[in-house]
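For reference, the structure discussed in these notes is given below.
Values quoted throughout were computed directly from the atomic coordinates according to the rules given, and no laboratory measurement underlies them. Predicted model only: the values in this text are computed from it and were never measured. Cβ: placed from backbone, ideal geometry, glycine included. Neighbour counts: every protein chain shown.
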Amino acid sequence: MRFVDEYRDAGRARALAADIAARCEPGRRYTFMEVCGGHTHTIYKHGLEDLLPEQVVLVHGPGCPVCVIPMGRVDDAIHIASQPGVIMTSFGDMMRVPGGNGSFLDAKAAGADIRMVYSPLDALKIARENPDRRVVFMAIGFETTAPSTAMTVLRAAAEGVRNFSVFCNHVLIIPAIKAILDSPDLRLDGFIGPGHVSAVIGCRPYDFIARDYGKPLVVAGFEPLDILQSVHMLLGQLAAGRSEVANQYARVVPWEGNRTAMAAIGQVMRMRAHFEWRGLGFISHSAMALSDAYAEFDAERIFDLPGLRVADPKACQCGEVLKGVLKPWECKVFGTACTPETPIGTCMVSSEGACAAYYNFGRFSRERVREATLS
Amino acid sequence: MTAETKGPPDGSAPPDGSAPPAGVALDEDAPPAPGTPLRDREQQVLDRIARARRRRPVVREERITLAHGSGGKATQTLIQAVFLEAFRNPRLAPLEDGATLALDGARTAFTTDAFVVSPLFFPGGDIGDLAVNGTVNDLAMCGARPAYLSAGFILEEGFPVADLRRITASMAAAAAAAGVEIVTGDTKVVQRGKADGCYVTTAGVGVLERPVELSVARARPGDAVVVSGPIGEHGAAIMLARGDFGIEAPLVSDTAPLHGIAGALLDALPPGGVRALRDATRGGVATILNEVAVASGVCVVAEEEALPVRREVTGVCELLGIDPLYVACEGRFVAVVDGEHAERAVEVLRGHPLGAGAAVIGTVRDDPPGLVLLRTAFGGTRIVDLLIGDPLPRIC
């Protein structure tokens, strides 16, 4: 398949892996964070770690939209879904995310009308087809999905669809990266930058990472060869003593981003002063709400929300995993009390969550398998 | 129930009722001592997880969710913790595709299946031929010659009689094609809104004419894993037929009766050469490989590049973010065969009209037991686990 097969070629992967190994200084350890959960998924799904030298360690970052939703927001969304006449719509990823009192899937089984959609436009369509119901879209995600939410609100306004609203949980990637850079727990040598987010915001917002923190960042695509190539580019910068923002994913990411998409976000949404991130706590200026001009589409203003802050379960170490401080398996409850079927933390829910990726794809001893293959 | 009660078949009763439920920490789960090398600590965690997965499954939900019908982990938990717990007997316990019974000395296979597919009519078939082929195939996977079927209909008030005629006509045609008769049945009608048009259940009996002992618990190191053709076509066709995605592709369901091709394989290999047969329905090939790994206590190593998947199926799965390994087939099966006869098995399957795309997709090894590993086309290795949650709509 075009644009897929050429980025999964085993021969090119082996050649690139050899180049990567050659670029590593003996005895030096390189720790790179892949910011985006999509990258985490690719790394595990294709068994990429088998191709990297042991000196190169990938740690998983906070860029998983479902993982950063705090439990209180899930409870608020279930509260909305339980109001009379409401149809709650949500991406499938969100269905199993636990709140303080169960997940969407549980609320649905208990009678709430919660429907899976593939785009906010599907939610708007449901609103048009059910004029006597109040249809709410559970909007989650980084700058990747915010434009489609914004466009949908604009279309609802243009068509005068009055029974549609958005429960806005859109978050921003830069404040999350900054929180990680300012965290004393972690020493990173560079970043594999998010691909789809950058297609919207462009590459300039990362300049401060290279300039102020002296860390290289390579915006990367989502195929396995993209990631290997990004590691190669990061090692190249480090070998030359440079720290720059580079774009490996130029086939999708324009340096300046997508101005139309940014304008739509700017028109429909405003910055929140604070927003709570699961495991990371409150981060200033890190999330968006609907702006006053679109208040009539804002579920937070339409519905009376409990808005309670629910503390994460004590045993859950999602925060440390999201910051890259802990590998998934180092969490106390990983794989025993917390599994994909009975998740305690969000990192175990989404296919982009580091814990779910490790549990589903990486839960075996590479060493033992290697030995068995050789024997 | 037998048709879909595929479970991690240590199907035998748990040692006693005292096994602690999954997820409860035991003393042996104490965290690794500080100072333990990283790699050893990881191995300790992996061992602890393996122990947790072997514990008696517990249904934690207070209500049934869609995940319980996905054919994945939640379905298996439900079967083990509710159905097997209530009905436990030696014939149900192995959780094969059907039960093998001795009736007056005659070896008989018996199975049942329920069909709730949406939409009722889709490219390549409808709920009618699915209901016949599904039960025929479960009998075929026991090594039996399917003989007689029952059919039960749950109809919603307002359902068009013309649609019912269409469904019964394709059931009749499918039964004729498979050489079985539908000899008994039942009809119920429920109020509008209490069902989705038409649900069909079928049960079937078949005759075990060959002296075969097939079980997913019989795989051993050195065996080969074979599929009878390209995978995922039924599930992909249904997903497109629902029209949720606005994607069009020339895909039709692969629904077909498998007793002919399965019989050809059983007859061609020496006795015992075929260890297990399973049709790859809900949960796909991945689920079956996991059943083999757990039931036989072996490691199944699959090769991604060897998997026969049509380009259209790959394309649809890529767009929807679904792994074809989990997508249902209704006319393909997985066979575990003695490694020495792997080539012969593929040759026999390819010689049958339904097996043109048959291929060896993997091998059985001893370590690490209970796991399915996939060597990716990219050159890495990863686990293929049971499906978690319910990413797929109603497909059968």
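Key figures for this structure:
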{"read-out": "For region B:127-183, convex hull volume per residue from C-alpha positions, Å³", "value": "71 Å³"}
{"read-out": "Value of relative contact order over chain B, rounded to a whole percent, pairs C-alpha under 8 Å and six or more apart", "value": "21 percent"}
{"read-out": "Separation of alpha-carbon centers, region B:155-200 and region A:317-366, rounded to whole Å", "value": "45 Å"}
{"read-out": "Residues A:332, B:188, sorted so that the one with the fewest Cβ neighbours within 10 Å comes first", "value": "B:188, A:332"}
{"read-out": "Long-range amide H partners of residue B:281 with built H, under 5 Å", "value": "B:329"}
{"read-out": "Loop-located GluC sites (Glu not before Pro) in region A:54-153, at most 11 other Cβ atoms within 10 Å (DSSP)", "value": "A:54"}
{"read-out": "Global form of region A:238-319, assessed from the alpha-carbon gyration tensor, a/c cut-off 1.5", "value": "oblate"}
{"read-out": "Residues in region B:214-248 reached by a label modelled at residue A:121 [backbone nitrogen below 19 Å; 7 Å Cα→Cβ]", "value": "B:240-248"}
{"read-out": "Value of [θ]222 nm, deg cm²/dmol, for the protein assembly as shown, DSSP H segments ≥ 4, -39500 (n - 2.57) each, nearest 500", "value": "-9500 deg cm²/dmol"}
{"read-out": "Stretchable slack from residue B:173 to residue B:210, in nm (0.36 nm times residue separation minus alpha-carbon distance)", "value": "10.6 nm"}
{"read-out": "Residues residue A:155 and residue B:319, FRET efficiency given R0 of 22 Å [Cβ-Cβ distance, rounded to 0.05]", "value": "0.40"}
{"read-out": "Tensor-based shape of chain B (alpha-carbon gyration tensor, a/c under 1.5 rounded, otherwise prolate or oblate)", "value": "rounded"}
{"read-out": "Pairs beyond 22 Å (Cα-Cα), from A:45/A:125; A:215/A:323; A:178/A:215; B:73/B:188; A:215/A:332; A:45/A:215", "value": "A:45/A:125; B:73/B:188; A:215/A:332; A:45/A:215"}
{"read-out": "FRET efficiency, 1/(1 + (r/R0)^6) with R0 22 Å, evaluated for residue B:188 and residue B:165 via beta carbons", "value": "0.75"}
{"read-out": "Residue B:51-residue B:366 FRET efficiency (beta carbon distance; Förster radius 30 Å; 0.05 resolution)", "value": "0.95"}
{"read-out": "Taking A:191, A:275 and counting other C-beta atoms within 10 Å, the order from fewest to most", "value": "A:275, A:191"}
{"read-out": "Principal axes of region B:96-207: Cα extent on each, largest first, Å", "value": "47, 27, 23"}
{"read-out": "Label point distance in nm, residue A:211-residue A:308, each placed 7 Å from Cα along Cα→Cβ", "value": "4.6 nm"}
{"read-out": "Most mobile listed residue (A:353, A:37, A:47) in chain A, GNM with C-alpha springs under 10 Å", "value": "A:47"}
{"read-out": "Computed P(r) (all Cα pairs; region A:318-368; 5 Å bins; percent)", "value": "5, 24, 34, 24, 9, 3, 0"}
{"read-out": "For chain A, the spread of Cα positions along each principal axis, largest first, Å", "value": "66, 45, 44"}
{"read-out": "Relative contact order computed over region A:318-368 (Cα-Cα under 8 Å; 6+ residues apart), in percent", "value": "28 percent"}
{"read-out": "Calculated SAXS-style log₁₀ I(q)/I(0) at q = 0.11, 0.12, 0.17 Å⁻¹ - region B:216-383, Debye, Cα scatterers", "value": "-0.42, -0.50, -0.98"}
{"read-out": "Principal axis dimensions, region A:23-133 - Cα atoms, whole angstrom, descending", "value": "67, 29, 18"}
{"read-out": "Full-extension gain in nm, residue B:60 to residue B:356, via 0.36 nm per residue minus C-alpha separation", "value": "102.2 nm"}
{"read-out": "Residue among B:180, B:82, B:348 with the largest mean-square fluctuation in a Gaussian network model of chain B, springs linking Cα atoms under 10 Å", "value": "B:82"}
{"read-out": "Degrees between helix A:146-159 axis and first principal axis of chain A (Cα, 0 to 90, nearest 10)", "value": "20 degrees"}
{"read-out": "All-pairs alpha carbon distance profile, region A:189-245, 10 Å steps from 0, percent", "value": "27, 54, 19, 0"}
{"read-out": "Most mobile listed residue (A:17, A:337, A:356) in chain A, GNM with C-alpha springs under 10 Å", "value": "A:337"}
{"read-out": "Anisotropy class of region A:218-375 from Cα gyration tensor, a/c 1.5 cut", "value": "oblate"}
{"read-out": "Proxy reagent accessibility, fewest Cβ within 10 Å first, across B:48, B:107, B:60", "value": "B:60, B:107, B:48"}
{"read-out": "The protein assembly as shown - Rg over Rh from alpha carbon coordinates, Kirkwood radius", "value": "0.97"}
{"read-out": "Averaged over A:42-48, number of beta-carbon atoms from partner chains that fall within 10 Å", "value": "5"}
{"read-out": "0 to 90° range, to nearest 10: angle between helix A:71-81 axis and chain A longest Cα axis", "value": "40 degrees"}
